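Q: Have a look at this one.
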Amino acid sequence: MVYGEMVSTTDGLGFFILFAQNTFRVIDMWSGIILLGLLGLLVNLIFIAVETRVLAWHRGWRASVLEGS
């Protein structure tokens, strides 16, 4: 999604990072990169929490199958 913003739009975080790079606004560019990394980390943590909750039955089933072997 960010790559698409860098290439084809004039709005969004990807465009902001590329625009800051092209205009030599290094602090703005790095702040955009750091924000992008933090957003990625947050989304990953949300996915892990959802996976843990939704697939709780799978871990219990898998443990019982491995114990029976």
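Q: Below 8 Å between Cα atoms, with a sequence gap of 6+, how large is the relative contact order for the range 2-68 in percent? Walk me through the intermediate numbers first.
A: Details: 31 pairs, mean separation 11.0, N = 67.
Across the range 2-68, relative contact order equals 16 percent.
Q: Of (1) 21, 59, 20, 0; (2) 19, 30, 18, 15, 13, 6, 0; (3) 15, 19, 19, 20, 15, 10, 2, which is the value of P(r) over Cα pairs in 10 Å bins from 0, in percent derived from the coordinates here?
A: Checking each listed value against the structure points to (2).
Q: Please list, in order along the range 11-16, the HN-Hα scalar couplings obtained from phi with the Karplus expression 6.51 cos²θ - 1.76 cosθ + 1.60 (θ = phi - 60°), rounded to whole Hz, x for Gly and Pro.
A: 8, x, 5, x, 5, 4
Any read-out appearing in this document is the output of simple, stated calculations on the displayed coordinates, not a laboratory observation. Fair warning: this is a prediction, and the values are worked out from it, not measured in the lab.
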